[in-house]
């Protein structure tokens with residue numbers, strides 16, 4: 001039975017190994033275990049001596065798996081372990097081999113093999129995330145380990161995913177403290193711009209006239225959600241920059257940032273659907289009920305909170321001992337959860353955009369058809385349609401800005417997926433990430449100023465009167 005007296009772990013092949021053994025004789029056997037992949041390690045015999053002092057330069061002997069050395073012609077009814085002598089007898093150059101239970105060394109005569117039982121789990125640990133393979137070094141030191149990550153994971157504990165739509169601020173915001181503070185300042189600027197825009201929007205949409213219709217109620221909720229999302233964004237940057245994550249703040253901030261940001265995309269889609277249905281069903285009392293919009297907004301929020309529950313469950317913190325801080329990361333136990341998260345994120349970006357474009361196009365076509373019927377033969381359908389596109393063009397502003405602000409991030413996450421990022425690529429991704437929050441920061445410019453009706457409502461507020469007086 002092999003008894004491990006000393007165990008060390010390193011990245012790559014070490015050029016030299018120094019080990020001070022307390023006993024009179026050095027360990028009898030030196031074994032090198034190399035992980036070329038995450039599945040099966042390769043064994044090498046470094047030396048086989050019984051001396052009090054060892055100072056050698058060696059070319060380790062590779063020890064392949066026994067299954068690759070056994071001939072299929074040998075009787076299959078006999079257990080493999082009883083065939084191991086044949087391996088040495090049939091190959092005079094064979095020095096060693098192994099299986100899941102034994103490490104075997106051929107005797108100099110190659111007539112027999114000597115097999116030692118060994119526990120392949122002795123170098124295993126469970127400190128890695130997202131399916132990374134943990135390799136333990138000194139078993140007396142819990143923090144002496146390395147993680148072997150899959151091609152789309154990185155980090156000391158495989159905590160960061162490089163899959164599309166899986167980049168996080170924690171993985172991107174690396175570098176000096178000064179660089180991180182610059183990004184916090186940018187996030188604070190975005191929050192401040194959003195605060196003014198969303199406050200002006202709020203005082204507009206909370207007035208009685210806009211709230212008589214579903215659209216006004218939707219926009220009131222969107223305005224509130226916009227500012228909550230920007231607050232979560234600022235808190236996330238602060239959390240990452242200063243390494244002050246706690247288990248509670250890590251879960252709540254990340255969860256809220258995702259849920260409130262994507263809620264605004266869906267609520268703007270419901271606005272276009274509401275306008276389209278009123279066009280087709282102008283006499284429906286249900287659609288004209290302003291409380292319906294509040295109910296749908298609440299239901300949408302609850303559904304999105306439930307959809308993002310997995311983030312609340314799987315977000316956790318790990319300690320970065322080199323920096324003396326904690327890092328908020330997401331640890332999906334299975335690839336299925338990781339795939340679900342990526343697909344869900346993509347759906348929240350793409351589907352609301354297509355809903356808005358399709359509904360607005362149908363809305364303009366229906367308005368053009370109605371106008372042609374009332375005008376008779378004075379104008380063709382094409383002329384009326386072109387005129388309607390000119391009149392209703394502000395309806396396209398919001399979905400176009402939403403998709404344009406999210407498009408750079410979408411393109412970059414796919415093009416840079418599963419690649420080691422250079423510094424400029426990290427900064428580019430961070431810039432694209434911040435750009436995606438433009439709709440949340442400029443709500444007043446998107447929803448109020450392009451609309452004649454809402455601009456008049458804003459002008460009736462005390463802030464609006466002061467604004468137009470200065471203008």
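The values are calculated or read from the model by the stated rules, or taken from the named source; none is laboratory data. What you are looking at is a predicted structure, and each value in this text was computed from that prediction instead of being measured. A quick note on method: Cβ atoms are made from the backbone with ideal geometry, for glycine too, and the neighbour counts reach across all protein chains shown.
Observations
- In the stretch 439-458, residue farthest from the chain's Cα centre (by Cα) [restricted to those that are within 26 Å of residue 230 (Cα to Cα), at pLDDT 85 or above and surrounded by fewer than 19 Cβ atoms within 10 Å (Cβ to Cβ)]: 455
- Any hit, the stretch 278-297, residues being within 25 Å of residue 192 (Cα to Cα), assigned to a helix (DSSP H, G or I), assigned by TED's automatic domain parsing to the domain that holds residue 436 and over 19 Å from the mean Cα position of the chain (by Cα): no
- Unmet requirement for residue 95, which otherwise passes all of (1) surrounded by 20 or more Cβ atoms within 10 Å (Cβ to Cβ); (2) under 15 Å from residue 65 (Cα atoms): (1)
- Among residues of the stretch 398-426, those that are surrounded by fewer than 18 Cβ atoms within 10 Å (Cβ to Cβ) and closer than 14 Å to residue 352 by Cα, counted: 4
- Here the condition is being touching a residue at least 60 places away in the same chain (Cβ under 8 Å) and part of a helix (DSSP H, G or I); of 273, 303, it holds for 273 alone.
- Residue in the stretch 174-183 that is modelled with pLDDT under 90, in contact with a strand residue (DSSP E or B) (Cβ under 6 Å, 6 or more places away or on another chain), more than 20 Å from residue 297 (Cα to Cα) and surrounded by 15 or more Cβ atoms within 10 Å (Cβ to Cβ) present: no
- Only one of the numbered conditions (1) part of a helix (DSSP H, G or I); (2) at pLDDT below 95 is violated by residue 207, and that is (1).
- Residue satisfying all of: in the stretch 148-167; touching a strand residue (DSSP E or B) at 6+ places or on another chain (Cβ under 7 Å) and in a loop (DSSP other than H, G, I, E, B); nearest to residue 427 (Cα to Cα) among these: 162
- Hey, residue 219 outside any loop (DSSP other than H, G, I, E, B) and either in the same structural domain as residue 10 (by TED's automatic domain parsing) or farther than 30 Å from residue 275 by Cβ (or both) or not: no
- Subset of the stretch 168-178 (residues that are within 22 Å of the chain's Cα centre (by Cα) and part of a helix (DSSP H, G or I)): 169, 170, 171, 172
- Within this structure, residue 364 passes the test of being in contact with a helix residue (DSSP H, G or I) (Cβ under 6 Å, 6 or more places away or on another chain) and free of Cβ contacts under 8 Å to residues at least 60 places away in the same chain.
- Taking each residue of the stretch 148-177 that is free of Cβ contacts under 8 Å to residues at least 40 places away in the same chain and looking for partners that are outside any loop (DSSP other than H, G, I, E, B) and buried (at least 20 other Cβ atoms within 10 Å of the Cβ) with beta-carbon atoms closer than 7 Å, six or more apart or interchain, yields 153/160; 153/161; 158/147; 171/160.
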